Structure formats: structure tokens, C-alpha cells
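First up is the structure itself, then whatever we jot down about it.
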Amino acid sequence: MRPAAGGAAIGTLARTDDPAAGTAPSPRGRRWPWRTLLAALGGAVLVLAFPGADLPALAVLGPAALAFAVHRQRFRSGLWLGLVFGLAFFLPLLSWTGVYVGAFPWLALAVWEALHLALLGGAAAVTSRLRLWPLWTAALWVADEALRGRFVLGGFPWGRLGFSQTEGPLLSLAAYGGVPLVSFAVALAGALLAAAIPALARAWRSSSAAPGESGPALRTAALAVAAVLAVPSTGGLAGLPLAGRSLTEGGPTTTVAVIQGNVPRAGLDFNAQRRAVLDNHVRQTRELAQAVAAGEEPQPDVVIWPENSSDIDPYLNEDAGRQIDRAAQAIGVPILVGAIVEGPGRFISNTAIVWDPDSGPGDTYVKRHPVPLAEYVPARGFFRFFSDQVDRVHDQRAGQEVGVLDIGGARVGDLICFEVVYDGLVDDVADRGAGMLVVQTNNATFGFTDESAQQLAMSRLRAVEHGRTVVIAATSGISAIVAPDGSVIRSSELFTPATFVEQIAQRSSTTIATRLGAGPEWALTALALAALGAALRPRLVRRLRPRRAAR
């Protein structure tokens, strides 16, 4: 059956043939080079939406290119095109992972991440013959990101579509459905764009060939364009109630100081002078105390130090403990210290310690999600075969408690470094009543790359998602203070000492995203699986018929 002009482009007609790719593609569809080139171009353009180029509006072009490339292709063709797209995207996006440890870890991680997008390409190809296929394509993006963020070894959800939207109308959707809803909106706009382009082309050809008979094609094209514009318009309307949320509105304020003490040098050996790193943060805090005494800065209620600000265990090393005591007593308020603590046994613990000026170390939070192959090495003998750099990793123990700490009158939801990328960990601290979020991080091992800016982008999404100010304290940058509307109020330069002091409201209200938790992601994933099942059902039925006949 031949579809009406333009109808299949936006999924307004019933299936036109076997959605499981049982019908052989046309000779034109077998020409892979242009599709492969389009997929590679889509992945490369998507990179430009992330920090570095900082062009978030381009994000929709990535899913658009992939959707156009795989449309009405076979599953295995979609696998190939998805893999090409994934490699073109992840190789440059994750290049910071190999800046000091060599190409192998970078290439291995990029290929592993790209394999997930290969599955996405295959699934999108299969469902592209269904009615309303742009909707199923967008849901498949969410399902693919959910898979990538959980499996294997806890997953690695870096580079999700939603994390590209640090500006623009789609950012506000994070407050209603979290990062998954933002990813869905980006993918939906892209898939609708992929459907609109051929609809517009048909309308143009129809009006040129038969001006009096172009009405249906023009209506279809207009509908396609309207559908594309509806996505950002919806995001813009959703953002109206969220506009202008400031640091000091929404609850009692706490004066928070952020210390970026800097490191002696970038790279894997940033902590070779561990005492120098500690001394830098002590000195920066004492200088803040002098500025407070001179009336140049307000008296803080709490001071935030970054991850690895004391790589010397202050419980075991009396000198390190005394230095932290000096800093806390000078400023006169508790300090949240990022420390490496020995034990239990052969392990170490990446620990945040509340250090009181009078009583010393108190409550702690231990990082719950150490990074595989960076903070612990599973199957060390196997991975040593590929790189002896794994022997530089001292295995960290994962903590069990949610990182909500009461410090200086503030209820702080603490996340350590890459934990900010995991929805569940952020949801946990928001659910436990954190009035503000803190990200303690150490990015010195990534040098002057885009990694720090990419992590800052994630924090901006988290601020909108949970309606909380996010404070980022980094050893070497980028430290920042992000308002609940996602705007960056203060930020530091890389490898430069910095100090911020700001009044921050301890907010108690909750966003819809906080209340729903992972619900939107699971709902969209279920939608994707249902569409995939519907697309595969005819093929399964055909295969079962001969078996039944043989009986």
C-alpha cells in the first residue's frame, strides 16, 4: 500500500507495511554511504551542544540526523548507523578521560557508550514504520539512557541529551520530569524535525508540479512544522512559574563560603604534594577569616572545601588534623572537608567530614558510587592486561548512607564528584529534605579540558530539577554557585585559587520532579518497550505460523 503524500512522515497514517522490517528496503534505501555520513554528522553536531562549543540549541539536530538516517531501515542497518552516531559523539565528548592516562581508557569507554546508541539506532529503525514514530523514537532515547546509566558496574550516564540544555526553553522541563523529560523533549523535537523536512519537501514539489492540488501536502507540512515548534513552546510555558528564582528566596538563608585552594599541578600526580593541597585550602580559609575580620566579607555560617582537599587522613595524621583545626578556628564555623580516610582494611574511603571549630571532626558522608577503574578496580588482573595504570588505583569502599548533613544551620545534600550525574543519588538527598545541594569535586586529573564545564552543566540541570541552589567546590575548578533557576551566579577559573561567599536560602518546597522521582523515566521506558514489542510482533507471528502448520 502506498501512503498518502506526507502522511507517513509524521506518523499520521497506519502502518504501511511490515514494521519489523520484513519488507526489503528499496535500492535507494540500500545506499548506506549518505546515511552513514548523516549519522556521523549528527553525532558531531550533538557534541557542539555541550560545554566547549556551548550551543544547546543544536542538540535537536543530533536526534534528528539519527532518526532520518535510520528511518524505515532494517534492524542491523540501524545498529550500524547508531554505532557511527555514537562514536562521532562520544569520542570527542569523552576525550578528557584519556588526557593523562593514554588513549586506551578513552577509546574503550567511548566505544562502550557508543554501543548503547547502536542499540538505540536498531530499535529506532524497527519502530520507524509505526504510526506516531517520532514519539516512540523519543521514548527510546530515554530508555537507552536509562540502560546506559545503570548497567554495567553501575552505568555511566555522561552525555545524556538533557545535560546539554543549560539554556533555552527545554531546561525548565527538568522541574517537571527531571533530566529524562528534558532528554525526551530534545529527542522528540529532533524526531519531529526529521519527519517535517521530507513533509516540507513534498509540499514544495507538489506546489510546483500541481499548484491547484497541493492542499493536502501543505496541510501535512504545516502540521509537521507546528509539531516541531510545539516542543520548545511547551518548555517555555512550563518555565514561566520558575523564572527568577534567586539564591535568597524560598526559605531562611545561610551564608555559605566556598574555598578553591588549587593544586600544585594538574594531572595524575596532582596529589603528589598532598600536604601542599591541604595547606592551600587552609591558607585560603585563613585569608577569608582575615577578610571577614576586616569587614571585607560577611561572616559565613559554613565553609565548603572540595573533594581531596585533604588526601592525608586527618584521623590518623595529627599534623593534618591540626591544620584543619587551625582553619576552622580561624573562620569560627564548621568546615565540610573532603578527605581520603584509610580503611576499612585495605580500602580507603572518599569521605566528607563536618569539622567543627570547637569539637573537631563530627558527622561524615562516604561516597556511595566510587568510579570503576578510577576509584576501584574490579577484576584487576584482567584490566592490568590492558594497562598497568590500574595499579595506581587504591580501591575505595562505597558508603551506605545518604549524604544529608546538618552543618551550621544548613541541611546540606552532599554529592561527591561524578555522583551528580546519577539521578538516584541526587533524588535521595532531595527526598531527605536537603535545603541546598553541594557537589564536592576534584577535577585536577583532567587538566584544562571540558570535563569541569560538563560537570557544571549537570549541576545546573540538578538545580532546576529540585528547585535548590547547588554549590560546587572544586580543588582546581570549576567551583560555582548555581541558583535554583539554573543560572550561574559565581564561578571560578581553572587552576586558580578562589573564594565565594553568598547567602543561600534553605528551601523546603519540592518540585514535581522531586515528588515523581524516577517515575517519568520508567513510564517513558515502558512506552518505548511497548512500541518495540508492537513493531516486532508481526515478525514473531510469521515465524510461529510455519511451526504451528508443521504440527
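Bear in mind that the values in this text are calculations on the coordinates, not laboratory data. Nothing here was measured: the structure is a model prediction, and the numbers come from that model. We place every Cβ from the backbone using ideal geometry, glycine too, and count neighbours over all the protein chains shown.
Details
- Looking at the range 253-508 alone, DSSP beta bridges between its own residues are antiparallel in about 65 percent of cases.
- Cα gyration tensor category, rounded, prolate or oblate, for the range 232-303 with a/c compared to 1.5: oblate
- Extension gain from F151 to R380, taking 0.36 nm per residue of separation minus the Cα-Cα distance: 80.5 nm
- Shape call, the range 402-442: gyration tensor on alpha carbons, a/c limit 1.5: oblate
- A simple packing score, the average count of other Cβ atoms within 10 Å per residue, orders the peptides 355-366, 410-421, 372-383, 248-259 as 410-421, 248-259, 355-366, 372-383, with the highest score first.
- Theoretical FRET efficiency, 1/(1+(r/R0)^6), r = Cβ-Cβ of R286 and T510, R0 51 Å, to 0.05: 0.85
- For the pair A53 and W204, the difference between a 0.36 nm per residue extended length and the Cα-Cα distance amounts to 50.9 nm.
- Degrees, to the nearest 10: 318-331 long Cα axis against longest axis of the chain: 90
- Extension gain (nm, one decimal) between D358 and A523, 0.36 nm per residue minus Cα-Cα: 54.4 nm
- Dipole moment magnitude, nearest 20 debye, the chain about Cα centre, only Lys, Arg, Asp, Glu C-beta charged: 4280
- From helices alone, the chain scores -15000 deg cm²/dmol at 222 nm; the rule is -39500 (n - 2.57) for each run of n ≥ 4 DSSP H residues, then divide by the residue total.
- By the count of other C-beta atoms within 10 Å, a proxy for reagent exposure, I481, I197 are ordered fewest to most as I197, I481.
- Amide H contacts of I504: T254, T255, V256, each under 5 Å away and 5 or more positions distant or on a separate chain (H built 1.01 Å from N in the peptide plane; Pro and chain starts excluded).
- Anisotropy class of the chain from Cα gyration tensor, a/c 1.5 cut: prolate
- Rg(Cα) / (2.2 N^0.38 Å) computed for the range 253-508, rounded to two decimals: 0.94
- Taking θ as phi - 60° and the Karplus parameters 6.51, -1.76 and 1.60, the scalar couplings of the range 273-289 work out to 10, 4, 5, 5, 5, 4, 4, 4, 6, 5, 4, 5, 5, 5, 5, 5, 4 Hz in sequence order, x denoting glycine and proline.
- Residues with amide H under 5 Å from that of L55, placed H, sequence gap 5 or more: A49, F50
- The amide H of G250, built 1.01 Å from its N in the peptide plane, has no neighbour under 5 Å, considering only residues 5 or more places off or on other chains.
- Percent of Cα-Cα distances greater than 18 Å, calculated over the range 147-257: 65
- Ordering of 306-316, 278-288 by packing [mean C-beta count within 10 Å, highest first]: 306-316, 278-288
- Positive-end extreme of charge dipole, the chain - chosen from A196, L117, T525 (charges on Cβ): A196
- Distance in nm between pseudo-label sites at L316 and R539 (7 Å out along the Cβ direction from Cα): 5.6
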